[in-house]
Structures are given as C-alpha cells and as structure tokens.
1. Please turn the phi angles of region 287-295 into ³J(HN,Hα) values with the Karplus equation 6.51 cos²θ - 1.76 cosθ + 1.60 (θ = phi - 60°), one per residue in order, whole Hz, x for glycine and proline.
2. Excluding residue 184 itself, calculate the net charge of residues whose Cβ lies under 15 Å from the Cβ of residue 184, where each Lys or Arg counts +1 and each Asp or Glu counts -1.
3. Could you calculate the contour length gain from residue 18 to residue 145, that is, 0.36 nm times the residue separation minus the distance between their Cα atoms, to one decimal place in nm?
4. If R₀ is 56 angstrom, what is the calculated FRET efficiency for the pair residue 100 and residue 6, using the beta carbon separation as r and rounding to 0.05?
5. Under a 10 Å cutoff between Cα atoms, tell me which one of 179, 127, 61 has the largest fluctuation in the Gaussian network model of the chain.
6. Can you figure out the FRET efficiency of residue 304 with residue 27, using R₀ = 22 Å and their beta-carbon distance, to the nearest 0.05?
7. Any idea what the relative contact order of the chain is, in percent, if you count C-alpha pairs under 8 Å spaced at least 6 apart?
8. Would you mind checking region 243-279 for residues with the amide N under 12 Å from a putative spin-label position 7 Å along Cα→C-beta of residue 138?
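Since every read-out is calculated from the coordinates, none of them should be taken as a lab result. Computed from a predicted structure; not experimentally measured. Cβ sites come from the backbone with ideal geometry, for glycine too, and all protein chains shown count toward neighbours.
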Amino acid sequence: MIPLSLALVATSLLAIALGKPFISYLKAWKIGQSIRAEGPQSHHAKAGTPTMGGWLIVAPAMIVTLAATYLAGGRPDGDLGAVMGVILGYAFVGWLDDYLIIKKRSNKGLSARQKLAGQIGIGVAFALYLALTGHGTSVMVPGLHTFFDLGWLYYPLLVLVMVGTTNAVNLTDGLDGLAAGTMAIAFAGLAWLLSQYASFAGLGGITLLLLTLIGGCLGFLWYNAHPAQVFMGDTGSLALGGAIAAIAVMGRLELYLIPLGVIFVMETLSVILQVWSFKTTGKRIFKMSPIHHHFELSGWAETKVVQRFYLVGGLMALLTIALL
C-alpha cells in the first residue's frame, strides 16, 4: 500500500486540480447557494455562490482510496466498502436536498422529516451490516482503556450517533472554511487514534480512507477559504458527518466523538438551547444560532470566528489523543 501521507497529498492535489473545472461547471448550470432571509445580513452577498462542492472532497477521496488499494494488490474489504457506502449514501441525501433547493430557488429542499428518514435509513442499514458481520456491541470508555458492552442498546445508540453527527456537521457548515477545516482537524485526531492503538491494526483500509478525506478537505479549502468560491452544501456536510461517525463506530470510538468533535457538539447545543429558551421563556440566549453566527453578530470578523474555532478544535483533538 502506498504511504498514507502520499495518499493524503495525492487527494489534496486531485481536489485542487478538479476544483476549477468543477466550479465552472456549477456556474454554467447556475447551481448556486440560496441564503436564508433570517441569516446575518453580511451573508446575503454570498447568494449564488456555487454549491454541491462536497463532491470535491468525496470523489477524490474515493478515487485515491480505491486506486491505492488496487495498486497494493488488494481490494476493498467489507468494512471499507460499508464505510464508503455510508459516505455515498449521506452524500446522495445531501445532494438531493441541495438539488431541490436550487430547483425551488429557495432555502428549502427536503423536508426535515424526509431528510431525517434518509439519515435514519442509512444508519439502520449500517447497523444491520455490523450486526450480521459480528462487529460486537461494546464501546471504548474515554480515559479508562476499557470497553463497555451495551448489548442490544448499542444499535439504537449507533443510529443516534450517525444521525446526530451528520446533523451537527451540517449545522457547522455556515462560514467560509469552517466545516472543512474543523472536519480535517477531527479526521486527523481520529486517524492518529486508529493508527496508534494496537486493537485497530485491522483497520488499515479505513485509516487510508480517513487520510484521503483529510486530503480532500484540505484541497477543498483551496476554494472554500474566505472568500469562498464554492460551498460544500449538504452534499459535503452530511457525507463528512457520516464518514467520521462510521469510522469512529468501526474503531469503537463513538464516545470519543464528543471531545474530538467539540465544535460540532457546541454548534448543535447552541441550536437546541436557543429553541428551548425561546419556546419556554420567549427570550433568546444567543444573538443567533448556530453559535458561529452569535460571534459574527457580536462583532467578530468571519475569518476570526473560523480561526478561533480551528484553534479550539485542534486543542480538543490533542486532548482526545491524550485520553487514549
């Protein structure tokens, strides 16, 4: 198998090489982002920016992973195929949402119920695969170096992890470079955990995929950094959320997603708290949720918010590594 670092670089370069023609294609077909009316006023200037750019992360990662596997004389095993299937499944749900938004020329694509049904369906299919292949029902407890067997409760937890993570990454995708950068950091932390812990020695193909996803995110940032030339859309955010959730499940690291993905947890909690507060008291806790908008409306420049979220994500990734 080619060195993992080479796979990462190759994916980054492939994403950069494909970026310009792909963005031109999106512009030619008028595949542009609609901005929600209640969002920050500064974001209205971004209306029409090409979206569905998540394919610039997913496609290069898949191509390099498969190419490296076959060049090494092997072929994708069942676990790698299942994780890739999860990524493509969530990418399709996100693509369908993006497509309907563009078709309707509004910020409403799939209904919340339709999107949730798709997310749950993919999670259930993944859980079924794991049950049939004897994956087991235990999870690693952070900091204790022990596994805890959840029995049949593991499977609903698995689906909850899949759905919660995809939605959390989707909520984070609201500023130029925010989701791609924080996902690259989280992926890197997870890759280190998988590569260093002896119990994960059989996950080489999945670790390769993880490194190519980091490369895809970095290549995508070439065009998505402020001012963004393309957005990943739900195509990218759901695919990336599904990817990190599925890979964490394969490594029994579901609980590690909480500190490793603290940015995504924070974004999700801000929305939940905002809705709860408004419905119960009629008052808002934040100026706007998700919380990255709160900081924007507090006077922080968009780039400052993104940079500080990167910093928090990086520090928490290091803490997560320390817990293992």
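1. Using θ = phi - 60°, the values come out as 5, 6, 10, x, 5, 5, 6, 4, 5 Hz.
2. -2
3. On the way: separation 127, 0.36 × 127 = 45.72 nm, distance 4.22 nm.
So the chain would gain 41.5 nm between residue 18 and residue 145.
4. Working: r = 39 Å, r/R0 = 0.69.
That pair, residue 100 with residue 6, gives E of 0.90.
5. Ranking 179, 127, 61 by mean-square fluctuation puts 127 first.
6. Details: r = 29 Å, r/R0 = 1.32.
Once the sixth-power term is evaluated, E becomes 0.15.
7. Numbers: 505 pairs, mean separation 88.1, N = 324.
Across the chain, relative contact order equals 27 percent.
8. 252
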